[in-house]
């Protein structure tokens, strides 16, 4: 295993094909990987770079433009069409506009049992219990193998590398292997299927067993556990793909360890995930944006909380956690319990600080809470009145200052406006405590139960207020009306205490936006940051130790960290933001893409295992 230092690397391959279920098909983090690095790939391979994905007509609008292929490509497509494999050739509408082939495999799905039989006979992959979530990608991937073989035979040179992402593309790699194709292969697991399954079922994979210096991971029988959790088909495709690839790779040190025991092969090279930092603001731009978006956050806080009670909005910090609804894996459990402890700590010392902690984790909702919409309408009405009167108000303030008169609401606003505002504020007033969530969720929602168990109830006395915001941040949701990145930029700290996180884009994205964050030593990105030289007093991106620690210890450590962050001065927070931005630049694709090129070169030169 190796990570390539920043240096010039020239491709040994004449042509590169990347195969992923997430090409023009946004499902998870691999979409971000492919999209953000495509332009950098083109810097090395120019026109000799192609991506292959599935064709879903309802997902390609505004994402893909179909083009008529060259004569030799069209000839190959016509031959494949006779087999029932329909190829759509064009370009992906992202930076660089790379060429893509999207495969319509719908006419092949009825042949899935033939593919399963072939996988059993060739690789002993047991898929007798597999469902549609296995059948679809395996059928598509097998077709992708056929497309690559045909495309390579008629359209490319002999030095071709096919880079397959995750088990979903694995059947394509296995097809090329079984057909003795001269296409060299790279197989990349971003997170092992079995590892994610076990972590979601409370297996403490990375901690040492009691009375042993061996981790739980080392003791696991992969096949046995795969059958126990009915994920044997996916695991076996992934296992066979890792074993048969010319080069095997993954995204991080933590996933390399996982693969060593679950897939029985060590990574030949690591390919950390990056971002195109040219797409992110400079620190100066980020600072200006933070100021304007903080105003949005403050307005939201005022109409969310102030109808019930008030607090000093200028002494309020905004924390957030964002990600998929994976309660333990993403550390949502730890975040909530630590917030409960932080609340106790701040209440005990009668702190003037308030923390508003967002949970941006989408789930099934049943409509926005009506009183919240009513609050916003009343708030915006008051704001509009104030805006309409701002010239008169400015003139009154100026006169009072020059005349050295005492500034009061009446001599600034006037009697009629003061009375009007009083009436509108009275209409805003609500009894009881603010809701914990912006939208109605299931009564058995785990997050809601955890908040209650941690005694986070949004009472007036609570110094930590929580807003569960269980919808996607589209920028047009009728409440915050800020997009994902904008919402981050309005906050002071991102908290990502993940237990299972092969990489972890969110703290990296936060850093790129000039926002401090905390990750863990069980996250791939956390391990990556631990190798960097950080400023001791202002590390910017903090790494919480989770390995070989009990949950109670982790919760205490996180609560203590958040408490200390609340105590930071504005200057210290700014210094942390600067450092977070600096560290994120270490993950620029301009540097990290060289690892991809080296992986492909290793495949061409036969330097894999």
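Only the coordinates and a few stated rules stand behind these numbers; no lab work does. Remember, it's a predicted structure, so these values are computed and weren't measured experimentally. So basically every Cβ, Gly included, is an ideal-geometry build from the backbone, and we count neighbours across all protein chains shown.
General observations
- Residues 556, 445 arranged by fewest to most Cβ contacts within 10 Å: 556, 445
- When both bridge partners sit in the chain, DSSP labels roughly 20% of those beta bridges antiparallel.
- Convex hull (Cα only) mean projected area of the chain, reported in nm² to one decimal: 31.4 nm²
- Sorted largest first, the spans of the alpha carbon positions of the stretch 82-132 along the three principal axes are 41, 25, 20 Å.
- Per-residue packing, averaged as other Cβ atoms within 10 Å, sorts the ranges 518-529, 222-233 into the order 518-529, 222-233, beginning with the highest.
- Length gained on full extension, residue 533 to residue 422, computed as 0.36 nm times the residue gap minus the Cα-Cα distance: 34.4 nm.
- Within the chain, helix-based [θ] at 222 nm, where runs of 4 or more DSSP H residues each add -39,500 (n - 2.57), nearest 500: -14500 deg cm²/dmol
- For the stretch 367-474, fraction of C-alpha pairs farther apart than 22 Å, in %: 53 percent
- Fraction of alpha-carbon pairs over 16 Å apart in the stretch 99-196 - percent: 57 percent
- Packing-based ranking, highest mean first, of 357-367, 397-407 given that Cβ atoms within 10 Å are counted: 357-367, 397-407
- Within the stretch 403-555, antiparallel bridges make up roughly 10 percent of the DSSP beta bridges whose residues both belong there.
- Percent RCO, i.e. relative contact order, over the stretch 1-114, from Cα pairs under 8 Å lying at least 6 residues apart: 26 percent
- Helix axis angle, 283-305 relative to the chain longest principal axis, alpha carbon, degrees: 60 degrees
- With Cα atoms, 0 to 90° folded angle of helix 253-262 axis to the chain main axis: 50 degrees
- Among 565-578, 421-434, sorting by the average number of other beta carbon atoms lying within 10 angstrom of each residue, highest first, gives 565-578, 421-434.
- The stretch 18-110: C-alpha pair distances exceeding 22 Å, %: 26 percent
- For the chain, the relative contact order works out to 17 percent when only alpha carbon pairs closer than 8 Å and six or more residues apart are counted.
- Over every Cα atom in the stretch 177-329, the radius of gyration and the widest Cα-Cα span, Dmax, amount to 23.0, 72 Å.
- Translational diffusion of the stretch 370-433 was estimated from the Stokes-Einstein equation, with Rh taken as the Kirkwood radius over Cα pairs; at 4 °C and 1.567 mPa s the coefficient is 98 µm²/s.
- log10 of Debye I(q)/I(0), alpha-carbon scatterers only, for the stretch 268-390 at 0.14, 0.18, 0.19, 0.20 Å⁻¹: -0.95, -1.31, -1.35, -1.37
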